[in-house]
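Enquirer: This is the structure I have questions about; it appears just below.
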Amino acid sequence: MPLKRPGGQAQFIVHDVPAVDDKTAMGTLLLWIEKNLHKELSLPVIARQAAMIPRTLSRRFAERVNATPAPWVAAARVRRAQQLLETTRLSVEDVAVHSGFGSASELREHFAGIVVSYRRSFGFARQL
């Protein structure tokens, strides 16, 4: 199941990449995350980058993107993996590494989770 429909319309995941001209602290942080998906991005690491305590970061992150950091990072990694799978000849294992997943099996698990969520949201759960 593609994450984008023809014409660039999102299929299921809403994951807005911050605008390049977004000079707010949170916009700068979101851009930093996008550029560092291949690294460890735990809540303490992201909070340190943002110069905030984890609790404050989680609250401000949710206000900005309607999600906490962990699911937002996971969605960003899936999007990066999808882009690499579609535009390169990298192996699934290499795509997993470049997009920040520990292994190809972890990448597959996240893709499967998105497909299952999609199917449940749109009434296909009986077929699972």
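The values are calculated or read from the model by the stated rules, or taken from the named source; none is laboratory data. Given the structure is predicted, the values throughout are model-derived calculations rather than measurements. When we count neighbours, we look across all protein chains shown, and the Cβ atoms used for this are built from the backbone with ideal geometry, even at glycine.
Enquirer: Under the condition of being over 14 Å from residue 33 (Cβ atoms) and part of a loop (DSSP other than H, G, I, E, B), which residue from the stretch 56-88 is modelled with the lowest pLDDT?
Expert: Selected residue: 66.
Enquirer: Only residues in the stretch 46-73 that are more than 20 Å from residue 100 (Cα to Cα) and free of Cβ contacts under 8 Å to residues at least 12 places away in the same chain count as the first member; pair them with residues that are among the β-branched types (Val, Ile, Thr) and exposed (fewer than 15 other Cβ atoms within 10 Å of the Cβ), Cβ under 9 angstrom, at least 6 apart or cross-chain, and list the lot.
Expert: 62/68; 66/14
Enquirer: Of all residues being more than 14 Å from the chain's Cα centre (by Cα) and part of a loop (DSSP other than H, G, I, E, B) in the stretch 89-119, which is farthest from residue 78 (Cα to Cα)? Just the residue, please.
Expert: 89
Enquirer: Looking only at the stretch 31-44, which residues are farther than 11 Å from residue 99 by Cα, under 12 Å from the mean Cα position of the chain (by Cα) and in a loop (DSSP other than H, G, I, E, B)?
Expert: 41
Enquirer: What's the number of the condition residue 47 fails, among (1) in a helix (DSSP H, G or I); (2) at pLDDT below 95?
Expert: (2) is the only condition that residue 47 fails.
Yes/no matrix, rows are residues, columns are (1) surrounded by 14 or more Cβ atoms within 10 Å (Cβ to Cβ); (2) among the aromatic types (Phe, Trp, Tyr):
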| residue | (1), (2) |
| --- | --- |
| 80 | yes, no |
| 92 | yes, no |
| 96 | yes, no |
| 101 | yes, yes |
| 109 | no, no |
| 113 | no, no |
